[in-house]
Amino acid sequence: MAKCCSFTASRNRCFKYSFSNSGLKSSTKDLGDGTIMHCWIPKTHKEKKPNLILIHGIGANAMWQWSEFITPLSSKFNLYVPDLLFFGESYTTRPERTEHFQGQCVMRTMEGYGVKKMIVVGLSYGGFVGYSMAAQFPDAVEKLVLGCSGVCLEEKDMENGMFQVKSVEEAVSVLLPQSPEKLRQLMKLSYYKPAKNVPSCFLNDFIDVMCTVNHQERKELIETLYNNRKFTDLPKITQPTLILWGEYDQIFPLELANRLKRHLGENAQLAIIKDAGHAINMEKPRELYKHLKSFLLESHPHTKPDSNGNSDKLD
């Protein structure tokens, strides 16, 4: 029997309304080489505001990962929120699957909107793309924020037992779940305190809407990310960089944050978010926003957490 309604699809519609209500509009750019990029852009670009690019990770499209932050950030920045290739409405017929190509497509999209200078924030896989943008386009990317993004991992790290998964194939099965059991495993790895007893019908609905489209292409993105990756090949960027990490991240362990800080030296600062896993945007949005506001605007001091470990409200 066909479903009469979908919770996930309904949430998608709510997010679209929220983005639109925050001064953004949906837009697509044809890059002319078989590549279409979708991006949420300001309805009115204001020259006096800095430009901020928010890049999502593997888990879902841009709306799901950035919805908590759109309203407060759009009041301070010209906000651009792209869907990476094979997510949302972004797609390419080209064979490239590297984060470098993703970064080039995001940059070409920004150039198409007349954006020449920008600050980039990337979560997880989005951080790989953001880091590559900073390396490839140092004159355009002024600052960088990396959230739980293991850009300095090596292929041998998996062989040496750093990760919860033992192979790239196992990583794909978890990061691109095709069953409620795999989605529960992903939630357990992503959250410090994962939700319990989520009905399988809700998990199946999320998988049907968010995890089945472009599955082969997303699989290739993950495989390309890991295969033959060497830390020695990672360029050393010079932009001011904020590294944010969940204290109990099981997707990209905290050692990768420390490794990246050592690699970047004085150009980077590392902030560890307590009692959080990999999904810091979902588990600790107020903590994440506090760090973003302080680093990006440089005029707001960090606030003290309350008795529950939470900081100031998103405003």
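When +1 charges are put on Lys and Arg Cβ atoms and -1 charges on Asp and Glu Cβ atoms, the dipole computed for the stretch 38-192 relative to its Cα centre reaches about 640 debye. Identify all lysines with a Cα-Cα distance to Lys46 below 28 Å; exclude those on the same chain that are fewer than 8 residues away in sequence. Excluding near neighbours in sequence, the set is Lys16, Lys25, Lys29, Lys76, Lys116, Lys117, Lys143, Lys290, Lys293, Lys313. Centroid-to-centroid, using Cα positions, the stretch 91-134 and the stretch 18-51 are 14 Å apart.
When the chain is treated as a Gaussian network with alpha carbon springs shorter than 10 Å, the biggest mean-square fluctuation among Gly59, Gly32, Gly150 belongs to Gly32. Every pair of different Cα atoms in the chain enters the Kirkwood calculation, which places the hydrodynamic radius at 19.8 Å.
Counting Lys and Arg as +1 and Asp and Glu as -1 over every other residue whose Cβ lies under 15 Å from the Cβ of Thr232, the net charge comes to +2. Peptides 241-248, 192-199 ranked from most to least packed by the mean count of surrounding Cβ atoms within 10 Å: 241-248, 192-199. In a fully extended conformation the segment linking Lys25 and Glu220 would gain 67.2 nm over its present Cα-Cα distance, using 0.36 nm per residue.
Note on Lys219: lysines with a C-alpha under 18 Å away, same-chain residues under 8 apart excluded, are Lys166, Lys182.
Site pair Lys274 and Arg94 shows an inter-label distance of 4.6 nm when each label is modelled 7 Å from Cα along Cα→Cβ.
Throughout, read-outs are computed from the coordinates displayed, never taken from laboratory work. All values reported here derive from a predicted model rather than from experimental measurement. A quick note on method: Cβ atoms are made from the backbone with ideal geometry, for glycine too, and the neighbour counts reach across all protein chains shown.
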